[in-house]
Amino acid sequence: MGDSHLERVPVALFGGSFNPPHVGHVLAVAYALGTEDLERVVVVPVFEHAFGKQLATYEHRVEMARRAFGWLPRVEVSTIESRLGAPSRTLRTIEALEAEHPEWALRLLVGSDILGEIQKWHAFGEIARRAPLLVLPRAGAASVEGRPVVLPQVSSSEIRGMLTGLSAGAPPAAALEALLPRSVLGYVREHRLYAAG
């Protein structure tokens with residue numbers, strides 16, 4: 001009875017703007033669940049970007065995340081950051097999740113493209129101590145020693161450029177269908193997010 005509190009459940013926290021969530025995000029979650037010892041992945045859309053980036057409304061981004069990830073087993077989309085207020089801070093989110101779920105042993109799931117920015121994060125050392133990083137190698141980003149690239153080079157900003165008609169190159173419909181989950185693309189078009197036609 002005294003040692004039962006030591007049985008911790010491995011859970012990955014996957015935060016992001018999800019503006020919009022794309023196939024790279026979905027692949028990251030599916031890959032982590034398939035290759036790591038994880039009970040679940042908690043997807044956390046940022047409430048308000050700490051660096052002041054302009055985002056689609058929180059409600060739209062949460063709904064897109066639910067559509068992108070909702071079909072995956074052992075994945076939940078959390079709105080915890082809406083209860084914590086702005087600006088969103090990863091450490092505050094981790095502390096809140098630990099308080100609500102003391103049985104969780106958290107890991108922070110990130111793509112290797114984040115590694116160049118992570119030292120700018122508020123209290124990064126404490127974040128890494130409480131939720132050690134689980135880094136997935138992404139094409140076109142920093143390599144992770146001994147691990148093959150598992151995530152494609154796709155970005156939400158590139159997708160927003162296609163949706164606003166600012167990008168040249170591949171036919172927008174075909175490119176968007178390859179980069180966005182079908183349910184997310186339908187939602188974007190239905191609500192005319194990012195000036196989608």
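Values in this text are rule-based calculations from the coordinates and carry no lab data. Note that the structure is predicted; figures quoted are calculated from it, not measured. Note: ideal-geometry Cβ built from the backbone for every residue, glycine included; neighbour counts use all protein chains shown.
Summarising the label geometry, the points placed 7 Å from Cα in the beta-carbon direction at S82 and E145 lie 4.3 nm from one another. In this structure, the amide hydrogen of Q153, modeled 1.01 Å from its nitrogen in the peptide plane, lies closer than 5 angstrom to those of A139, counting only residues at least 5 positions away or on a different chain.
Modelled spin labels at R8 and L133, positioned 7 Å past Cα toward Cβ, are 1.9 nm from each other. Annotation for the range 17-68: trypsin sites (Lys or Arg not before Pro) lying in DSSP loop with at most 12 further Cβ atoms inside 10 Å of their Cβ are K53. Here the simple spin-label model places points 7 Å from the Cα toward Cβ, and for L91 and H49 these points are separated by 2.2 nm.
Scanning residues 5 or more positions from S17 or on other chains, those with amide H under 5 Å from its amide H are V46, with H placed 1.01 Å from N in the peptide plane.
Against the chain, whose longest principal axis comes from its Cα atoms, helix 58-69 is set at around 80 degrees. When the helices of the chain are scored as -39500 (n - 2.57) per DSSP H run of n ≥ 4 and the total is divided over every residue, the value at 222 nm lands at -10500 deg cm²/dmol. Between E126 and W71, the C-beta separation translates, for a Förster distance of 41 Å, into a calculated FRET efficiency of about 0.75.
Between I118 and E98, the FRET efficiency from the beta-carbon distance, with R0 = 30 Å, is close to 0.90.
Among rounded, prolate and oblate, which fits the range 9-151 when a ≥ b ≥ c are the square roots of the eigenvalues of its C-alpha gyration tensor, a/c under 1.5 means rounded, and a/b larger than b/c means prolate? Because its axes are fairly even, with a/c under 1.5, the range 9-151 counts as rounded. Over all other residues within a Cβ to Cβ distance under 15 Å of L72, the charged ones net out to +2, with Lys and Arg as +1 and Asp and Glu as -1.
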